[in-house]
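Following: one structure in structure tokens, then a few remarks.
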Amino acid sequence: DAGVTQSPTHLIKTRGQQVTLRCSPKSGHDTVSWYQQALGQGPQFIFQYYEEEERQRGNFPDRFSGHQFPNYSSELNVNALLLGDSALYLCASSSIPSGTGYNSPLHFGNGTRLTVT
Amino acid sequence: GNSVTQMEGPVTLSEEAFLTINCTYTATGYPSLFWYVQYPGEGLQLLLKATKADDKGSNKGFEATYRKETTSFHLEKGSVQVSDSAVYFCALNTNAGGTSYGKLTFGQGTILTVHP
């Protein structure tokens, strides 16, 4: 049973460019959350997707956008890259079973290391 | 707003030593509390959790008790192993159920190194 998979594992971009990161959730999960983890810091919540819609958003500018596909996979897009966008980007998936009110724990991928030069 | 503060690290211990990593929080409402572990080159893994005051989460010899009166959730282990070397993150979530579950607030992390 594959866990959360992210691609690519590493990426180098130049300031001003645009980047797309991809995430496939764990089998059976329908919700995807994205986090940014700067070096030496804890992850910060960017946004969450469920039923192909953005449901929650953290304190990130509109340059950060996303998408969720019918198969529950997701993309994170960052436009007009800044040096400060260099970080490890983590995807986490979970499921929201109906009726019980209980959510499965978040399962994290290994992340995409983005370097902006 | 919500925030999590962890003890400043890194922490270096000898094998079989006792471990404590302090975590305190500020939150609106009644948060659920978590400890995550990140091994080198890997994503975060849930280590343990507690969803209400006085609950004790435990896993792999690690324990943490939800202390509402001191707003703390300190991580402890009686005898650490070299394989416990990793980065440990304390985190909270203030909404129970629904899509809010995916929105966690993390501390800055504590690097633990255990020597043989």
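The values are calculated or read from the model by the stated rules, or taken from the named source; none is laboratory data. Please read these numbers as outputs of a predicted model, since none were measured by experiment. Backbone-built Cβ (ideal geometry, glycine too); neighbour counts: all protein chains shown. Remember, those area values only see protein heavy atoms, side chains included, never the ligands or the DNA or RNA. Shrake-Rupley method; radii C 1.70, N 1.55, O 1.52, S 1.80 Å.
Accessible surface computed residue by residue for chain A, with neighbouring protein chains in place and a 1.4 Å probe, gives 48 Å² per residue.
Pairing chain B with chain A buries about 1700 Å² of accessible area. This figure sums both sides and uses a 1.4 Å probe. The mean number of partner chain beta-carbon atoms within 10 angstrom of a residue's beta-carbon across peptide B:80-89 is 1.
Would you grab the residues whose amide H sits under 5 Å from the one on residue B:11? Only those 5+ places off in sequence or on another chain, please, with H modelled 1.01 Å from N. Under 5 Å from the amide H of residue B:11: B:111, B:112, B:113. For the range B:17-116, the solvent-accessible area with a 1.4 angstrom probe is 43 square angstrom per residue. Residue-wise HN-Hα couplings along the range A:49-62, as the Karplus relation 6.51 cos²θ - 1.76 cosθ + 1.60 with θ = phi - 60° gives them from phi, are 10, 8, 6, 6, 10, 6, 9, 9, 9, x, 7, 10, x, 5 Hz; Gly and Pro carry x.
Carbon-plus-sulfur accessible fraction, chain B (probe radius 1.4 Å, protein heavy atoms only): 48%.
Among the trypsin sites (Lys or Arg not before Pro) in the range B:1-75, those located in a DSSP loop and surrounded by at most 15 other Cβ atoms within 10 Å of their own Cβ are B:52, B:60, B:68.
Give the cross-link partners of residue B:103 among the aspartates and glutamates, using a straight C-alpha distance below 19 Å as the criterion and excluding same-chain residues fewer than 8 apart. Residue B:103 reaches A:30, A:51, A:52, A:53, A:54, A:62, A:75. Once the trypsin sites (Lys or Arg not before Pro) in DSSP loops with at most 14 neighbouring Cβ atoms within 10 Å are cut out of chain A, the longest remaining piece is A:64-117. Basic side chains Lys and Arg get +1 at the Cβ, acidic Asp and Glu get -1 at the Cβ, and with that the dipole of chain A about its Cα centre reaches some 420 debye. Per-atom-type breakdown for the range A:1-101 gives carbon and sulfur 48% of the accessible area (1.4 Å probe, protein chains only). Taking every C-alpha pair closer than 8 Å and separated by at least 6 residues, the mean separation divided by the residue count of chain A gives a relative contact order of 36 percent. Computed from phi, the 3J(HN,Hα) profile of the range A:18-27 under the Karplus parametrisation 6.51, -1.76, 1.60 (θ = phi - 60°) reads 10, 9, 10, 10, 10, 8, 10, x, 4, 3 Hz, with x in place of Gly and Pro. Burial here means at least 30 square angstrom less accessible surface with every protein chain in place than with the chain by itself, probed at 1.4 Å; in the range A:18-53 the buried residues are A:35, A:37, A:42, A:43, A:45, A:48. Ordering A:27, A:67, B:82 by Cα displacement along the dipole of the protein assembly as shown toward the positive end leaves A:67 in first place; charges were set at the Cβ atoms of Lys, Arg (+1) and Asp, Glu (-1).
Taking other residues whose beta carbon is less than 12 angstrom from the beta carbon of residue B:77, and scoring Lys, Arg as +1 and Asp, Glu as -1, yields -4.
Mind checking the log10 I(q)/I(0) for chain A at q = 0.17, 0.20, 0.21, 0.22 Å⁻¹? Debye, one equal scatterer per Cα, no solvent, two decimals. So the normalised log intensities work out to -0.78, -1.06, -1.16, -1.26. Against the empirical curve 2.2 N^0.38 Å, the C-alpha radius of gyration of the range B:11-109 lands at a ratio of 1.07. The spread of Cα positions in the protein assembly as shown, taken along each principal axis and listed from longest to shortest, comes to 48, 44, 37 Å. For residue B:85, the residues whose modelled amide H falls within less than 5 Å of its own, excluding neighbours fewer than 5 places apart on the same chain, are B:114.
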